[in-house]
Amino acid sequence: QVQLVESGGGLVQPGRSLRLSCAASGSAFSGYVMGWYRQAPGKQRELVAVITSGGHTDYLDSVKGRFTISRENAKNTVYLQMNSLRPEDTAVYYCNAYRATMNYWGQGTQVTVSS
């Protein structure tokens, strides 16, 4: 069993930055594929960024060059550095841990980009 707790969301002006953190409890964190998803009002949840156990990363096209996902296995934590934020980045951001048949979600953290 893995529990995920996100933090770092908030209200920010366009062009500014935020860093989200996701702290995982439980064992074998390093073996999980970790991802950040987001869901805006009235829209489906979408994958924003993913990082494998080996450190390979991939991103949603609209955030490439602006967002960076990273993980610190010693701290059981995954991060999402978000730069040059846009109003269309406004959403609830969720942390996800995936491994084989196991799939876990955090409770989400709100990110609002507005002037």
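The values are calculated or read from the model by the stated rules, or taken from the named source; none is laboratory data. Treat the numbers as computed from the prediction; the structure is a model and nothing was measured. Glycine gets a Cβ as well: all are built from the backbone with ideal geometry, and neighbour counts include every protein chain shown. To get the accessible areas, we keep the full protein, side chains included, count just its heavy atoms, and leave off ligands, DNA and RNA. Shrake-Rupley method; radii C 1.70, N 1.55, O 1.52, S 1.80 Å.
A single entry from V2, V48 fulfils the requirement of being β-branched (V, I, T), open to solvent by less than 60 Å² (accessible area, probe 1.4 Å) and at pLDDT below 95: V2. Of all residues in segment 86-115, none satisfies the criterion of being farther than 17 Å from E46 by Cα and within 15 Å of the chain's Cα centre (by Cα). Of all residue pairs spaced 6 or more apart or on separate chains, those with beta-carbon atoms under 7 Å, a first member in segment 47-72 that is free of Cβ contacts under 8 Å to residues at least 60 places away in the same chain and a second member that is part of a helix (DSSP H, G or I) and open to solvent by 40 Å² or more (accessible area, probe 1.4 Å) are S53/S30. Taking segment 65-100 as the search range and keeping residues that are acidic (D, E) and open to solvent by 30 Å² or more (accessible area, probe 1.4 Å), which one is farthest from G9 (Cα to Cα)? Of everything passing the filter in segment 65-100, E72 is farthest from G9 (Cα to Cα). Yes or no: segment 103-112 includes at least one residue that is among the polar types (S, T, N, Q), closer than 17 Å to T57 by Cα, touching a residue at least 40 places away in the same chain (Cβ under 8 Å) and open to solvent by less than 60 Å² (accessible area, probe 1.4 Å). No, the conditions are met nowhere in segment 103-112.
I'd like to know if segment 14-33 contains one or more residues that are farther than 16 Å from N83 by Cβ, of a type in the set (S, T, N, Q) and in contact (Cβ under 8 Å) with a residue 24 or more places away in the chain. Scanning segment 14-33 turns up at least one residue that is farther than 16 Å from N83 by Cβ, of a type in the set (S, T, N, Q) and in contact (Cβ under 8 Å) with a residue 24 or more places away in the chain.
Scanning segment 19-36 for residues that are open to solvent by 30 Å² or more (accessible area, probe 1.4 Å) and aliphatic (A, V, I, L, M) returns A23, A28, V33. Taking the conditions (1) part of a loop (DSSP other than H, G, I, E, B); (2) exposed (fewer than 15 other Cβ atoms within 10 Å of the Cβ) in turn, S62 satisfies each one other than (1).
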